[in-house]
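Notes to accompany the following structure.
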Amino acid sequence: MKRRMRSSWLLLVLALSGCVNQAVRSDTDAMDSSYVRPLLERKPERPEEVRAKAHIDLALAYVEIGRVDVALDELRAAAAEAPDYPPLHYAWGVTHMTIGDRVQAESGLKRALAAAPRDPDFNYAYGWFLCTGPNPASGLPYIEQVVTNPYYGGKARAYANLAWCQDMTGNRDAARRSIQEAIRLEPRNTLVLYQAARLAQRWEEWDKASDYLQRLMREIDPDPAVLWMALNVERKRGDTVAFEQYAKRLRTDFPDSPEAEKLRQGAWEQ
């Protein structure tokens, strides 16, 4: 059974917190001195950090289901246990990204990076934060560092967001290579398919955008933003059957959404 898709913006942010669902790897493995394993995949040594990590993992899980209020409570509990534990600041930053509080997000992510400058989760999150700001190019080195880290488990997601960031800086060739690598790594990953559709739409490659959206909707039920994207894509393609199918879903499932109002007004994207 497909899951209801969360908001499209939240889908992008959640790619940052996916490490909470990854298995913790043994720290006894041989380490390449050029790279480090994510701190959230390591078992803390100090008892207070063990307790803090339990709260942090819960917080990130609550973010994934949209309960930011509970997530913040868990992070406050973690801070009471280990206020200097770097993953606490990372989780604080990621959580505030989901609600659009860029001041608190930046503060948390910078503190995390200052404590562990090579951690791939921290670099990825801060890179994406910068990519979504006024100077996307400043985020590229952080994400580029992550995709070369052999210990990082979210490379497909990282490549997908790297592609978007590269395109925002005008480097379309690099963006194409990155999104193709993301698709090669995880062809059914929802973040990958979403970013691939967004990029194809930006590049006016309507058939590709339609294909990616169809593949995405086979994995997760769409939210209004994805249905609106699909409507604009099918309008450009001239596929009236697909257009009407998406229009019906938007009117039926999300009648009060801003996207449904745009549909009623015919306020199409150019």
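Observations on the structure shown:
- LEU185 being hydrophobic (A, V, I, L, M, F, W, C), under 30 Å from GLU144 (Cβ atoms) and at pLDDT 95 or above: yes
- Qualifying residue in region 133-156 (condition: closer than 30 Å to PRO47 by Cα and among the hydroxyl-bearing types (Ser, Thr, Tyr)): yes
- In region 33-57, of all residues being within 18 Å of ARG76 (Cβ to Cβ) and in contact with an Asp or Glu (Cβ under 8 Å, 6 or more places away or on another chain), the one that is surrounded by the most Cβ atoms within 10 Å (Cβ to Cβ) corresponds to ILE56.
- In the condition set (1) in contact with a Phe, Trp or Tyr (Cβ under 6 Å, 6 or more places away or on another chain); (2) farther than 21 Å from GLN195 by Cα; (3) of a type outside the set (D, E, K, R), PRO117 is compliant with all but (1).
- Pair list, Cβ under 7 Å, 6 or more apart: region 54-70 residue part of a helix (DSSP H, G or I), other residue of a type in the set (Lys, Arg) and surrounded by fewer than 19 Cβ atoms within 10 Å (Cβ to Cβ): none
- First in region 71-99 and crowded, with 22+ Cβ neighbours inside 10 Å and in a helix (DSSP H, G or I), second anywhere and charged (D, E, K, R) and at pLDDT 95 or above, Cβ under 6 Å, 6 or more apart: HIS89/ARG111
- Pair list, Cβ under 8 Å, 6 or more apart: region 229-256 residue small (Gly, Ala, Ser), other residue modelled with pLDDT of 95 or more and surrounded by fewer than 19 Cβ atoms within 10 Å (Cβ to Cβ): ALA230/ALA242
The values are calculated or read from the model by the stated rules, or taken from the named source; none is laboratory data. What you see is a predicted model, and the numbers here were worked out from it, not measured in a lab. FYI the Cβ positions are ideal-geometry reconstructions off the backbone, even for glycines, and counts take in every protein chain you see.
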